[in-house]
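Enquirer: Provided herewith is a single structure, encoded as structure tokens, for subsequent inquiry.
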Amino acid sequence: MDAAAGPGGALGVLQAAVFTDRRLRLRYRSSGQGSASERVVDPYGLVCKAGIWYLVADQDGEPRLFRVSRVASAVADEDPVRRRDGVDLAGLWASLRREVEDRPAPVPVVVRVRQEWLDMFGRICAAHLTGPLPAAAGEWTEVRLRFAAVPAARTLLSFGGNVEVTSPPEVRADLAAVAAEVVACYSNVR
């Protein structure tokens, strides 16, 4: 069974491989990489956290977490899955999740979010929140986040003028520079 990534395409192949205990051949694009690479993995299961699907699997006998949205293609092998004895999905997920959640995020960022965008902002940026999402406080609500690096905060640009970074200055400057590049690109009408 083969599928290119797309709405449900790769997810369906991954689910089928988990249910039928088959190895998977993935073309997977790691975070920060421009192109996908080939991997053979032994799946334990699929987990959804904050609306994001992850494949929990072993690659070369080592536990790994694969974000389903980064799977370029997936093929279920005829070979049976090779899981390590005594390892189960719940235990492996707990261990991998802690590794992801405990990664240092040294860049504290403070933003103002428009009231009507607060709920969606909280769902999309849940992994970066430093605590519970605050209740709406007037037209704008202050929210505190943490990012691994200044460029990682560029995801905030997707909210347009509905989210404003108030600090730190280096994140504001980086976002302004990226926004200026986008304006220059689209101002040059052909």
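The values are calculated or read from the model by the stated rules, or taken from the named source; none is laboratory data. Note that the structure is predicted; figures quoted are calculated from it, not measured. Note that each Cβ is placed from the backbone with ideal geometry, even for glycine, and that neighbours are counted across all protein chains shown.
Enquirer: Please go through (1) over 19 Å from Ala126 (Cα atoms); (2) surrounded by fewer than 15 Cβ atoms within 10 Å (Cβ to Cβ); (3) in contact with a strand residue (DSSP E or B) (Cβ under 8 Å, 6 or more places away or on another chain) for Ser73 and return the number of the only condition it doesn't satisfy.
Expert: Of (1) over 19 Å from Ala126 (Cα atoms); (2) surrounded by fewer than 15 Cβ atoms within 10 Å (Cβ to Cβ); (3) in contact with a strand residue (DSSP E or B) (Cβ under 8 Å, 6 or more places away or on another chain), only one is false for Ser73: (2).
Enquirer: Using beta carbons and a limit of 7 Å, which pairs, at least six apart or on different chains, have the first residue in segment 121-138 and on the phi < 0 side of the Ramachandran plot and the second one aromatic (Phe, Trp, Tyr)?
Expert: As it stands, the answer is Phe121/Phe159; His128/Phe147, since those pairs meet every condition given.
Enquirer: Residues that are over 12 Å from Val107 (Cβ atoms) and either surrounded by 14 or more Cβ atoms within 10 Å (Cβ to Cβ) or acidic (Asp, Glu) (or both): does segment 179-187 have at least one?
Expert: Yes, segment 179-187 contains a residue that is over 12 Å from Val107 (Cβ atoms) and either surrounded by 14 or more Cβ atoms within 10 Å (Cβ to Cβ) or acidic (Asp, Glu) (or both).
Enquirer: Oh, and also: Scanning for something surrounded by 12 or more Cβ atoms within 10 Å (Cβ to Cβ), over 30 Å from Gly61 (Cβ atoms) and more than 20 Å from the chain's Cα centre (by Cα), does segment 92-110 turn up at least one residue?
Expert: yes
Enquirer: Could I ask something else about it? Hey, any hits in segment 167-185 for a residue that's at pLDDT below 90, under 16 Å from Val113 (Cβ atoms) and either part of a helix (DSSP H, G or I) or out of contact with any Gly (no Cβ under 6 Å at 6 or more places or on another chain) (or both)?
Expert: Within segment 167-185, none of the residues are at pLDDT below 90, under 16 Å from Val113 (Cβ atoms) and either part of a helix (DSSP H, G or I) or out of contact with any Gly (no Cβ under 6 Å at 6 or more places or on another chain) (or both).
Enquirer: For segment 16-68, enumerate the residues that are surrounded by fewer than 17 Cβ atoms within 10 Å (Cβ to Cβ) and small (Gly, Ala, Ser).
Expert: Hits for segment 16-68 are Ala16, Ser30, Ser31, Gly32, Gly34, Ser35, Ala36, Ser37, Ala50, Gly51, Gly61.
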